[in-house]
Each structure stands twice: as C-alpha cells, then as structure tokens.
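Computed from the coordinates by the stated procedures, all read-outs in this text should not be read as laboratory data. Here the structure is a predicted model, which means the values were calculated and not measured. Every residue, glycine among them, receives a Cβ derived from its backbone with ideal geometry; neighbour counts consider all protein chains shown.
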Amino acid sequence: MDSLSPTVLYIDDLAQALDHRKAMLESCGYRVQIASSACPALRILEETPVTAVLLEYRHEGMDAEAVACHIKQRFPNLPIILLSAYSDMPERILWLVDEYVMKSELSERLLPIIQQAAERSTRSGRIKPHSSERCEPSSAVA
C-alpha cells in the first residue's frame with residue numbers, strides 16, 4: 001500500500017468489527033483509520049486527509065446521527081457511508097449521509113461506493129475542515 005492509496009475512516013464501537021473491516025479494506029488496497037467514538041474520529045479527520053467515512057448506525061454509547069451531523073458541519077464535502085443491518089432507517093439520518101449500505105449488501109456495494117468517493121475526492125482535491133474548532137466531548141457524540 002502506498003501513500004497515494006485512499007484513506008477511509010471507519011467508526012464503530014465494536015473492536016472486533018473495527019479489526020475485521022480494517023483488514024478487509026486494507027486487503028483491497030485502502031489505508032484505514034479506525035475510531036470507536038466521535039471525538040477520536042473528529043481528531044483523525046482534522047489530522048488526516050480522508051476519502052470517505054464509514055459509519056456504523058447502531059452504537060452502544062454513540063448516536064450515529066449526531067456523529068454524522070458533526071462531520072457534515074466540519075467537513076461538508078466528505079462522503080459519509082452509513083452501514084446498518086436495518087432496512088428501515090429514519091429520514092433524518094438519511095439526509096445527513098451520502099450513501100446507505102445494508103450489511104447484507106456490503107460485499108457487492110461497499111467497495112464500488114468507496115471507489116466513487118475516492119474518485120470524487122481526487123477530482124476536488126484534499127477535503128479540508130470547515131472550521132478549526134476542536135471536538136469537545138458531549139453526551140450526544142461521546
């Protein structure tokens with residue numbers, strides 16, 4: 001893997017899921033950053049050029065809608081790909097994300113979606129944060 005490989009940020013509160021998805025994406029040539037909650041994820045986004053964010057919908061200690069909202073406020077052009085086992089998603093979160101992939105469709109849909117995001121990111125240049133505010137822990141996104 002070289003420094004030109006697209007970088008993906010994967011946010012999930014389950015360590016096993018983080019490790020599994022990271023290994024899978026790295027085997028496909030992606031660089032992968034992982035975060036188990038919102039503040040570390042936002043810190044990574046401030047420090048690392050990322051092509052796309054993979055966000056797990058169901059978290060024990062984290063509200064995926066709040067995380068997506070924080071990311072879109074700070075990085076409005078950064079694609080967020082929502083991953084979920086649920087087929088029926090609230091409209092309010094679907095408005096915040098760029099793509100929604102059911103876990104049953106991951107094998108056929110995830111990599112092409114990430115590749116499209118990488119191509120858009122390459123055409124538009126590095127994605128920069130909208131403001132320089134630091135992440136402060138809150139109950140909504142911790």
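Computed values, structure above
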item	result
Test: residue in segment 35-44 that is over 10 Å from the mean Cα position of the chain (by Cα), assigned to a loop (DSSP other than H, G, I, E, B), in contact (Cβ under 8 Å) with a residue 40 or more places away in the chain and closer than 21 Å to residue 120 by Cα	no
Within segment 44-64, tally of residues that are over 20 Å from residue 16 (Cα atoms) and buried (at least 18 other Cβ atoms within 10 Å of the Cβ)	4
Subset of segment 49-97 (residues that are among the small types (Gly, Ala, Ser) and in a helix (DSSP H, G or I))	64, 66, 68
Criterion violated by residue 40 - all others in (1) surrounded by fewer than 19 Cβ atoms within 10 Å (Cβ to Cβ); (2) closer than 18 Å to residue 100 by Cβ satisfied	(2)
